[in-house]
Amino acid sequence: MKSIVCEKPWQLKMKEMDLPEVKPGEALVRVRRVGICGTDLHAFKGEQPYFTYPRILGHEISGEIAEVGKNSYGFKQGDPVAIIPYLECGNCIACRMGKTNCCTRLTLFGIQRDGGMSEYLAVPLDHLIKSETLNLDQLAMAECLSIGAHAVRRAQIEKGEFALIIGTGPIGMAVMQSAREAGAKVMAMDIVEERLQFCRDKLKVDYVIHGKKDPVKEIESITNGDYPTFVFDATGNAKSMERSFKLVAHGGRYVLVSLVQENITFFDPDFHRRELTLLSSRNATRQDMEHIVCSLEAGKMNGTSFITHRASLDQVIDQFESWLKPETGVIKAVIEL
């Protein structure tokens, strides 16, 4: 089978590899779509924590079951499936609490083990979700959208509250969709005008705020001086993450969806004065992905509007580096197999 391997930073190589061994309790999945995430781009640049080379990238994956034995899940050959890429141990303290997304021995397809930029993948049956109605693009986007769903579930958003999402990449857009579904009044903030317009037109957010046009004054105006009770940072920028502490309402919650390899600091008296709740949000759980699949099936979310670029497996090496460049207009690139 064909696979694309990231051998070291800035180097992708097409390789012919053996089909993966399918163990009991697994299915062989023919990969059909792979969404390119910021994680993949950071790994390509050599900036991704928890990562070793060489590695086959890709964890936003949909496909069709190519081979499966008798099973209690009802899976059969040809079923379209989304893959839950987080492989937990099931025994550690996090897993025992149901927080499989932060398992102490967590491995991810495309990060600690080879991922979806390959024609076939062996996947545990309990990490597959099928749908009778969703297409392969929608199934591939389920993982990305579930990151937003998990962050919103962590925040415990109240209907009618203001939620500010800073950063309009795919993860930020995923948070926006889940926040809107939860009944929040959604505010999107970025410094890229085209992205803000996209959020207004396609995602139907309630407000867009340009980060370079006195955002504090605009936020105060929108919220009547109260500030948003929920703020999510999806920028991947440490300075933005630090500045945004000042944008959370008294008694509010600040959720860091971004991950950076830097220290994050804040002024403690201000943090205590407002009794803020600071949360991190990592990955997602099966519950989150199942929720997203149900929401997509019910038409409550737009699962594919942010797909802007496509490539076949044979085109990836030539096109991958261009997906790092904002001037190409890329929001989400998808590999079609």
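The values are calculated or read from the model by the stated rules, or taken from the named source; none is laboratory data. Bear in mind that the values here come from a model prediction, so they are computed numbers and not experimental data. All Cβ positions, glycine included, derive from the backbone under ideal geometry; neighbour counts span all protein chains shown.
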Does Ser3 qualify as being of a type in the set (Gly, Ala, Ser), assigned to a strand (DSSP E or B) and under 24 Å from Cys294 (Cβ atoms)?
-> no
Restricting segment 94-119 to residues that are over 21 Å from Gln287 (Cα atoms) and of a type in the set (S, T, N, Q), which is surrounded by the fewest Cβ atoms within 10 Å (Cβ to Cβ)?
-> Gln112
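Can you say whether Thr277 is polar (S, T, N, Q), buried (at least 20 other Cβ atoms within 10 Å of the Cβ), modelled with pLDDT of 95 or more and farther than 17 Å from Met173 by Cα, as far as the supplied structure shows? It would help to see each step written out before you state the result.
Values: polar (S, T, N, Q): yes; buried (at least 20 other Cβ atoms within 10 Å of the Cβ): no; modelled with pLDDT of 95 or more: yes; farther than 17 Å from Met173 by Cα: yes.
No: the conditions fail for Thr277.
Determine, yes or no, whether Ser131 is within 20 Å of Leu28 (Cα to Cα) and touching a helix residue (DSSP H, G or I) at 6+ places or on another chain (Cβ under 7 Å).
Numbers: within 20 Å of Leu28 (Cα to Cα): yes; touching a helix residue (DSSP H, G or I) at 6+ places or on another chain (Cβ under 7 Å): yes.
Judged against the criteria, Ser131 is a match.
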Can you pull out the residues in segment 15-30 that are loosely packed, with under 14 Cβ neighbours inside 10 Å and outside any strand (DSSP E or B)?
-> Asp18, Glu21, Lys23, Pro24, Gly25
Lone unmet requirement of (1) touching a Leu at 6+ places or on another chain (Cβ under 8 Å); (2) assigned to a helix (DSSP H, G or I) for His150 = (1)
Within segment 224-237, considering residues that are surrounded by fewer than 16 Cβ atoms within 10 Å (Cβ to Cβ) and not acidic (Asp, Glu), the one farthest from Lys159 (Cα to Cα) | Gly225
Test result for Ile165, β-branched (Val, Ile, Thr), assigned to a strand (DSSP E or B) and under 18 Å from the mean Cα position of the chain (by Cα) | yes
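How about segment 225-272: which of its residues are in a loop (DSSP other than H, G, I, E, B) and of a type in the set (Gly, Ala, Ser)? Talk me through it step by step, then tell me what you get.
Our first condition is that a residue be in a loop (DSSP other than H, G, I, E, B); within segment 225-272, this holds for 225-229, 234-237, 248-252, 257-267.
Selection gives Gly225, Ala234, Gly236, Ala249, Gly251, Gly252, Ser258.
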